[in-house]
Structure formats: C-alpha cells, structure tokens
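Shown next, in structure tokens, is the structure this report addresses.
The values are calculated or read from the model by the stated rules, or taken from the named source; none is laboratory data. Predicted, not measured: the structure shown is a model, and the values here were computed from it. Backbone-built Cβ (ideal geometry, glycine too); neighbour counts: all protein chains shown. For accessibility, only protein heavy atoms count, side chains too; no ligands or nucleic acids. Shrake-Rupley method; radii C 1.70, N 1.55, O 1.52, S 1.80 Å.
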Amino acid sequence: MPVGASPKREREFKQLEKEFKQEGRYPGREEEVAARIVNKQRAQAGETQKAQGRQRDEKPAARVADAAAARDLPIAGYQHLTVAQIRDKLDGLSAAQLHRLRDYEAAHKKRKGVLQALGALA
C-alpha cells in the first residue's frame, strides 16, 4: 500500500490479501491484486493525489454551468434517472426538447441506451 493510505484502506488491503491466500486465488500475486483493488477504490473516492488534483483543477464556473444545464432539461431530475426511467418519459416531448436531452446526454453521461432511444425518436 502507498504511504498515506488511511487505516481503513490498510485494513481492507490486509483483509483482501488474507482472503486471496486462504482461497488460493491469484497465487503469488495476492499482494499485487489486493493493492490494485484498494488503490482503485481510493481513486474512485477521491483519496489519491491525482484525484484530488483533478477536483482542484475543475473550475467552479464549470460546475455551476453544468448544474444550470441540468435544471433547464425538460425532464425533472434527469441526471438521477435510470435509462429505463428516461425512456418512459420521452413520449410527448417535442423535437427541440429531445435534441436538448441528446446534447446533454452526449456531453455528460453518454449512456448508450439513452442515446439510442433519443436517436430513434428524433
């Protein structure tokens, strides 16, 4: 584990390594695989220097613009909906509204199912 990992991540690392040895998984590579798993979790949680730098580099104005764009969408709470929920709400939207949703989706989450559904209706 890298220096600076939290005690929680250290415990997770040791637990994974122990489990892998007991189960006979990844023979000879238990430590490497456990470290990779914990490091991936750290990066996703923003606990690594690289992830923290990315958050610092993001301009507050960009975050405000993204929030404003999400508020202007024709479906309330769009960014929190699943693909199936979005598909159910597409009927009855105008071509302009569908176009706005397609542009937003392509710029943000890029979910294949949503983009296909929007493309079929537009």
So the FRET efficiency between residue 109 and residue 49, C-beta based with R0 = 30 Å and rounded to 0.05, is 0.70
Each label sits 7 Å from Cα toward the beta-carbon; between residue 15 and residue 69 the label points are separated, in nm, by 3.8 nm
Under the 7 Å Cα-to-Cβ spin-label approximation, residue 31 and residue 85 lie apart by a distance in nanometres of 4.5 nm
Residue span residue 94 to residue 8: 0.36 nm per residue of separation minus Cα-Cα distance leaves a gain in nm of 25.9 nm
Taking 75, 37 and ranking on accessible area (1.4 Å, protein atoms only), highest first, one gets 37, 75
In the structure shown, of 8/112; 14/109; 18/112; 21/112; 18/50, the pairs separated by more than 31 angstrom at the C-alpha atoms are 8/112; 14/109; 18/112; 21/112
